[in-house]
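Heads up, the thing below is written out as structure tokens.
What follows is calculated from the coordinates using simple rules that are stated; it is not laboratory data. Because the structure is a prediction, the values reported are computed rather than measured. Cβ placement follows ideal geometry from the backbone for every residue including glycine, while neighbour counts extend to all protein chains displayed.
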Amino acid sequence: MQQVAAAPAPRWYHGLDRKQWNTLIASNLGWMFDGYETYALILTVGVALRQLLEPSQYPQIPAYAGGVIGLTLLGWGIGGMIGGILADYIGRKRTMIIAILAYSLTTGLSAFAWNWESFAVARFVVGIAIGSEWATGTSIVAELWPDKARGKAAGLMQCGLGIGFFVASLVWLFVGKLGPDAWRTMYFIGIVPALFTLWMRRGIPESPKWETAAAERRSAKSRGERVRFTLVELFADREVRRYTIFAFLLSLTTTLTWWGISAWLPPYVASVAGKAGLPGPQWASYAGMAYNVGAILGYISLGFFADAVGRKPVVLGFVALAWLTTPVVFVWTHDLNLLLVAAVVNGFFSLGLYSWMPVWLPELFPTRIRATGVAFVFNTPRFVAWLGPILAGQLVANFGGFSNAAMTMALIYLIGLLSAPFLPETRGKPLPA
């Protein structure tokens, strides 16, 4: 008897509608703009400080750079918490629009800095604005996309950061040749994302899950019931509190290692190029682009792997390989061309690791506190991690250069390897109501 061939399984993207795709595109672009603003600082901070400091202070530029980057990170943590809480109270879409407008305008203003103190303050304010966007985009994508494809959507959203880093590196390759004020031009370009919000107002919907949760909160208040503040509620339930603590430790690993190690890759490659008699800023751009090609692939891959295999094993694998590839970049590779290849591989794991947060975090928290929970885990590590660039800057300046600093900071990966096993496996499961 002739057997009938089984129908092929539908592609993962079948059944998705325009609103779901628009929401993913908007969140990806919002994060891409965040990436541009962030990496523009990484690429230009040395040039900016050379103009804003006295010549006698030049030997301490790595320490000053670490301070500016650290303050940006601190502002990011503060803004991220504010944005997550606002997203649970006034909506995902509205908060995202406010955040993009805020960081576009404040980035433009930072171009007018006249000394290193005003530059540091301006970047702190930019950090506050940047931090407000991510938790909102993560929450709305998770709430609108189906369970079977949620990890893929999160990875595709997260890759916007790598695209933004790559765009900043590419722009700096050309803008960096414009003279000592080139860094100001980079920040003027950062005003462009404000125009994107005009499309967002019409192009994406509000999350129906959030609208339901907001209606329930209003109804409870109208009945005179006590409604906890979202940040308090995050620690009221024993299980949610446990998830929050271990996710915080894993997030601390991800954040502190990137800002304390990988953020120094462009200036490290520039120093290697300078010793070889080659133009440092040009090679810093090459390194940034190479690293972020790997990162973009890593972001996307983690999401697809997490949907195929599971959240926990994939995240543990990325943490371990991010750690193992750190000495390849900062210690063992000295040829500049091979260094760019190593940067691609390290970027795949060390920056690609960030995708665990939009993939896994929304699946740990109920809708009424989802953005607050996601924002807390993503941003509060910055209240510790902002010290990472400062510490790394001191290590670079005073204790043996980039290689020793990178290997010292890489020990932090141990925290991630020990904390991830305590989080639940959530692959394919519905979001908590």
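What percent does the relative contact order of the chain come to when contacts are Cα pairs within less than 8 Å and at least six residues apart? Mind dumping the intermediate values first?
Working: 801 pairs, mean separation 113.0, N = 433.
Across the chain, relative contact order equals 26 percent.
State, as an integer percentage, the relative contact order of segment 24-148 based on alpha-carbon contacts under 8 Å between residues 6 or more apart. Each step should come with its number before you reach the end.
Values: 147 pairs, mean separation 46.2, N = 125.
Relative contact order, segment 24-148: 37 percent.
Can you pull out the trypsin sites (Lys or Arg not before Pro) in segment 187-263 that DSSP calls coil and that have at most 11 other Cβ atoms within 10 Å?
Details: sites: ARG201, ARG202, LYS209, ARG217, ARG218, LYS221, ARG223, ARG226, ARG228, ARG238, ARG241, ARG242; in loops: ARG223, ARG226, ARG228.
Taking segment 187-263 and a limit of 11 other Cβ atoms within 10 Å, the loop trypsin sites (Lys or Arg not before Pro) found are ARG223, ARG226.
Using DSSP to define loop residues, name the chymotrypsin sites (Phe, Trp or Tyr not before Pro) in segment 88-162 whose beta-carbon has at most 12 other beta-carbon atoms within 10 Å. Spell out each step's value before the answer.
Working: sites: TYR89, TYR103, PHE112, TRP114, TRP116, PHE119, PHE124, TRP134; in loops: PHE112, TRP114.
Sparse-neighbourhood loop chymotrypsin sites (Phe, Trp or Tyr not before Pro): PHE112, TRP114.
Need one number: convex hull volume per residue for the chain, Cα atoms only, in Å³.
Working: hull volume 70.4 nm³, N = 433.
Taking the convex hull of the Cα positions in the chain, it is 163 Å³ per residue.
When a footprinting reagent is the concern and you count Cβ atoms within 10 Å, what order do LEU109, LEU144, LEU252 take, fewest first? Walk me through the numbers on the way to the answer.
Numbers: LEU109 14, LEU144 25, LEU252 22.
So the ranking, lowest neighbour count to highest, is LEU109, LEU252, LEU144.
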**Message:** I need THR72, THR244, THR212 ordered by Cβ neighbour count within 10 Å, fewest first.
**Reply:** THR212, THR244, THR72
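Can you flag which of LYS19/LYS312; LYS19/LYS148; LYS93/LYS312; LYS209/LYS312; LYS221/LYS429; LYS19/LYS209 are past 24 Å Cα-Cα?
Working: LYS19/LYS312 30 Å; LYS19/LYS148 17 Å; LYS93/LYS312 30 Å; LYS209/LYS312 26 Å; LYS221/LYS429 31 Å; LYS19/LYS209 14 Å.
Among LYS19/LYS312; LYS19/LYS148; LYS93/LYS312; LYS209/LYS312; LYS221/LYS429; LYS19/LYS209, the Cα-Cα distance tops 24 Å for LYS19/LYS312; LYS93/LYS312; LYS209/LYS312; LYS221/LYS429.
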**Request:** Could you tell me how many degrees, from 0 to 90 and to the nearest 10, lie between the Cα long axis of helix 18-52 and the main elongation axis, the longest principal axis, of the Cα atoms of the chain?
**Result:** 20
**Message:** So if I take the centroid of the Cα atoms in segment 198-223 and the same for segment 303-360, what is the distance between those two points in Å?
**Reply:** 37
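For the residues PHE422, PHE246, what sequence is obtained by ranking on other C-beta atoms within 10 Å, fewest first?
PHE422, PHE246
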**Asked** In deg cm²/dmol, rounded to 500, what helix-only [θ] at 222 nm does the chain give when every DSSP H run of at least 4 residues adds -39500 (n - 2.57) and the total is split over its residues?
**Response** -24000 deg cm²/dmol
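Multiply the residue separation of LEU316 and PHE383 by 0.36 nm, subtract the distance between their alpha-carbon atoms, and state the gained length in nm to one decimal.
Numbers: separation 67, 0.36 × 67 = 24.12 nm, distance 2.39 nm.
Between LEU316 and PHE383, full extension yields an extra 21.7 nm.
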**Request:** Kindly provide the GluC sites (Glu not before Pro) of segment 182-272 that DSSP labels as loop, not H, G, I, E or B, and whose Cβ sees at most 11 other Cβ atoms within 10 Å.
**Result:** GLU225
**Fill in**
Taking R0 as 22 Å and r as the Cβ-Cβ distance between TRP332 and LEU278, the FRET efficiency 1/(1 + (r/R0)^6), rounded to the nearest 0.05, comes to 0.65
**Asked** Which lysines have a Cα less than 21 Å from the Cα of LYS177, not counting those fewer than 8 places away in the same chain?
**Response** LYS275
**Prompt:** From the residues ALA63, THR136, HIS14, which one has its Cα farthest along the dipole of the chain in the positive direction, the dipole being from +1 and -1 charges on Cβ of Lys/Arg and Asp/Glu about the Cα centre?
**Reply:** HIS14
